[in-house]
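Where a number appears in this text, it was derived from the coordinates with a stated rule and is not lab data. Only a predicted model underlies this, so the values are computations on that prediction, with no experimental measurement involved. Cβ placement follows ideal geometry from the backbone for every residue including glycine, while neighbour counts extend to all protein chains displayed.
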């Protein structure tokens with residue numbers, strides 16, 4: 001009986017040990033779960049951004065001062081950063097991606113590089129049309145794509161809509177960036193969403209017919225070409241005019257002072273708007289810290305800095321635009337979700353190719 005009792009005890013101990021090992025092995029390793037913030041948050045947040053403004057750097061420093069969370073920044077070209085995220089996969093160090101234009105943000109989402117964020121702070125601070133419908137990206141700053149004109153040759157009363165830029169009176173007078181500009185692609189995508197594909201194609205063909213020169217350069221170059229007399233009007237983003245007016249280069253200030261800003265389609269569909277925005281990467285290791293930074297950048301304090309120091313429109317409705325932006329007047333924006341800019345991007349590129357917009 002003693003031998004049997006000992007054998008029984010040994011068997012029981014073996015069974016208990018096996019059950020304990022099984023329980024341990026079935027518990028997920030938090031460090032391996034990728035998105036488990038509790039395991040990974042370590043007093044830092046890693047950011048990929050294509051923005052290169054002093055305003056952003058100061059905001060990151062303020063966030064660190066207030067939260068104790070250090071912001072590590074990697075800067076680069078938008079498309080290169082998106083490609084890098086895709087290449088790195090779950091080995092990426094990036095917790096957040098900040099990039100200009102809803103079209104690029106949608107591209108990152110479509111490639112499975114972002115993840116949804118649940119945050120009442122973000123959804124209460126940022127209007128629904130300025131964020132992804134699945135909350136995978138959120139607008140942080142807004143700009144309008146307007147008509148800039150030579151004050152000495154064009155009267156504001158001569159201007160009306162984007163569609164009017166295709167009329168014969170503007171033949172040889174329109175300046176604009178090339179077709180590979182994401183800003184132009186999103187403008188055309190908005191016209192597809194509002195007017196339909198055929199009308200958008202007619203518009204693009206009409207702009208090509210009225211171009212003052214082959215498209216080249218950035219938005220600042222378009223303003224310079226207007227002042228140089230190469231054309232009379234240009235399609236530009238508002239904040240470039242603000243940056244030029246406050247530039248350290250006297251020639252840029254002089255150019256900006258000689259052009260006016262006109263918000264098209266005020267009596268119809270509204271002026272095209274776009275955003276710089278942020279998304280939480282799919283494999284973010286510092287999940288909680290990243291969301292804290294997102295919420296900070298959407299706060300009234302940060303939004304005021306974006307508006308005053310970088311001449312961008314705040315996305316937070318509780319924050320007013322800067323005095324410079326106010327001096328251009330209020331405007332009615334297009335009433336569409338910016339998610340559509342990404343959804344119609346490929347169609348916009350196709351149309352540009354079809355009409356010969358180089």
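A few points about this structure:
- Fully extending the segment from residue 266 to residue 134, taken as 0.36 nm per residue of separation minus the present Cα-Cα distance, adds 44.6 nm.
- Scaled to the globular estimate 2.2 N^0.38 Å, the Cα spread of region 126-179, given as radius of gyration, is 1.65.
- Against the chain, whose longest principal axis comes from its Cα atoms, helix 287-297 is set at around 30 degrees.
- A crude spin-label estimate for the pair residue 318 and residue 91, with each label 7 Å from Cα along the Cβ direction, gives 4.3 nm.
- Top of 46, 91, 135 by mean-square fluctuation, Gaussian network on the chain, Cα under 10 Å: 91
- 5 Å-binned pair-distance histogram of region 210-261 (Cα, whole percent): 4, 23, 35, 23, 11, 3, 0
- Cα-based equivalent ellipsoid, the chain: semi-axes from gyration tensor eigenvalues, Å: 51, 22, 16
- Overall form of region 233-314 per C-alpha gyration tensor (a/c, 1.5; a/b vs b/c): prolate
- Mean Cβ count within 10 Å, highest first, over the residues of peptides 99-106, 113-120: 99-106, 113-120
- Within a Gaussian network of the chain (alpha carbon springs, distance under 10 Å), most fluctuating of 336, 273, 98: 336
- Alpha carbon centroid spacing (whole Å) that separates region 143-179 from region 202-230: 9
- Placing a label point 7 Å from the Cα of residue 248 along the Cα-to-Cβ direction, no residue of region 317-358 has its backbone N under 16 Å from that point.
- Simple label model, 7 Å out from Cα along Cβ direction - residue 358 to residue 62, nm: 4.5
- Pairwise alpha-carbon distances in region 132-274 exceed 19 Å for 51% of all pairs.
- Using a cutoff of 8 angstrom between alpha carbon atoms and counting only pairs six or more residues apart, the relative contact order for the chain works out to 28 percent.
- For region 145-228, the Kirkwood estimate of hydrodynamic radius, built from reciprocal distances between every pair of different alpha carbons, is 13.3 Å.
- For the residues 238, 304, 123, a GNM of the chain with alpha-carbon springs under 10 Å puts the largest fluctuation on 123.
- Each DSSP beta bridge with both residues in the chain is either parallel or antiparallel, and the antiparallel ones are about 65%.
- The calculated P(r) of region 55-210, using every Cα pair and 10 Å bins from 0, goes 8, 28, 31, 20, 12, 2 in percent.
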